[in-house]
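For reference, the structure discussed in these notes is given below.
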Amino acid sequence: MSQINREQKKQLENEIRKIKNHIGQAESKISRLEKEIAILDEQLLDPDFYKSPESNEMLTSYNSLKQELETEMEKWGSLTEQLEPTEAKMREL
């Protein structure tokens, strides 16, 4: 293996590691957000919830969490799409 290929391989390994790390972080955040949303989903099923003074604030929080989840899932999708061609380049070396 030439010096150039070793350097390319090392760069690709670092890039793959970095992408996988970001994917792991995104997956953790997605899991946390899904749990928080599930808790609020349960509260939203209770008709008395809407009578409480905090309901508007909680609905705002709920909507923010849903938006954050959507953003994080898009990020995760983009990262996984990035990973595949990078791993393919690695296999070519």
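The values are calculated or read from the model by the stated rules, or taken from the named source; none is laboratory data. Owing to the predicted nature of the structure, the values given are computational and were not obtained by experimental measurement. Counting neighbours? That spans all protein chains shown, and the Cβs are built from the backbone with ideal geometry, glycine included. Heavy atoms of the whole protein, side chains included, go into the accessibility calculation; ligands, DNA and RNA do not. Shrake-Rupley method; radii C 1.70, N 1.55, O 1.52, S 1.80 Å.
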Worksheet item: What is the Cα coordinate range of the range 46-93 on the first, second and third principal axes, sorted by size from largest, in whole angstrom?
Response: 63, 15, 8
Worksheet item: 222 nm [θ] for the chain, helices only, -39500 (n - 2.57) per DSSP H run of 4+, per residue, to 500?
Response: -32000 deg cm²/dmol
Discussion item. Over the chain, with the other protein chains present, what is the accessible area per residue in square angstrom, probe 1.4 angstrom?
Written reply: 75
Worksheet, complete the sentence: Taking the reciprocal of mean 1/r across every pair of different Cα atoms in the chain, the Kirkwood radius in Å is 16.0
Worksheet item: Once the dipole of the chain is set up with Lys and Arg at +1 and Asp and Glu at -1 on Cβ about the Cα centre, which of 28, 49, 38 lies farthest towards its positive end?
Response: 28
Item to complete: For the chain, compute the number of Lys pairs whose alpha carbons are separated by less than 21 Å, excluding pairs fewer than 8 positions apart on the same chain.
Response: 17
